[in-house]
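Contents: one structure, followed by commentary.
Values in this text are rule-based calculations from the coordinates and carry no lab data. Since we're looking at a predicted model, the values are computed, not measured. Neighbour counts are summed over all protein chains in view; Cβ atoms, including those assigned to glycine, are modelled from backbone coordinates with ideal geometry.
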Amino acid sequence: MTTNDTPRWMLPMLAAGQAQKELTHNEALSLLDLVVQPCVEAVGVNAPPATPSPGQAWIVGDRPDDIWTGRAGMMAGWTDGGWRFLVPRVGLSVWSRADDCRCEWDGNQWRLGRVAARSLVIEGKKVVGAQRPGIALPSGGQVIDFEARFALNAIIATLRDHGLVASG
């Protein structure tokens, strides 16, 4: 980064007395076009596509080829002026068309389809929250019959599979 770039996205800044300011301004707009509400064609692609269209972007894979060499993990976007690359910052989230889900940069790698939250609220009602303590399986006694015990075991197993309750 130079003092002529913004600190987070390294967007070029205009300088006082700079000639051809439109070039710097247009470069910054091209980079902003990639990072504002980003959508990529696919995540982890190592070779640039043969015929990209302006506005299309990809997340470069771990073993990049060709013009993408040395750009592992970056977001590569095709513009009228050629390839533009963005170094991801922690928390950058993109929509992957190929995977039909979000992908987020955690500072070390892209996490596909992972959602981190404290709770899930649907129509104002909390439906999933922090994991609760384990529930012991029913056993012994004559109050509960076989079918009820089977149903309760299935419900508790499903709750555990979903991570809603710990094993008891």
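Here are the numbers for the structure shown:
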read-out	value
1 or more residues touching a residue at least 12 places away in the same chain (Cβ under 8 Å) and closer than 25 Å to Pro12 by Cα: qualifying strands (runs of 3 or more DSSP E) within the stretch 34-114	57-60, 75-79, 82-86, 93-96, 101-105
Scope the stretch 114-131; condition among the basic types (Lys, Arg) and either exposed (fewer than 10 other Cβ atoms within 10 Å of the Cβ) or under 20 Å from Arg160 (Cβ atoms) (or both); matching residues	Arg118, Lys125, Lys126
Answer residue from the stretch 10-46, given it is of a type in the set (A, V, I, L, M, F, W, C) and in contact with a Phe, Trp or Tyr (Cβ under 7 Å, 6 or more places away or on another chain) and is surrounded by the most Cβ atoms within 10 Å (Cβ to Cβ) among those	Val40
Condition met for Asn153 (of a type in the set (S, T, N, Q) and assigned to a loop (DSSP other than H, G, I, E, B))	no
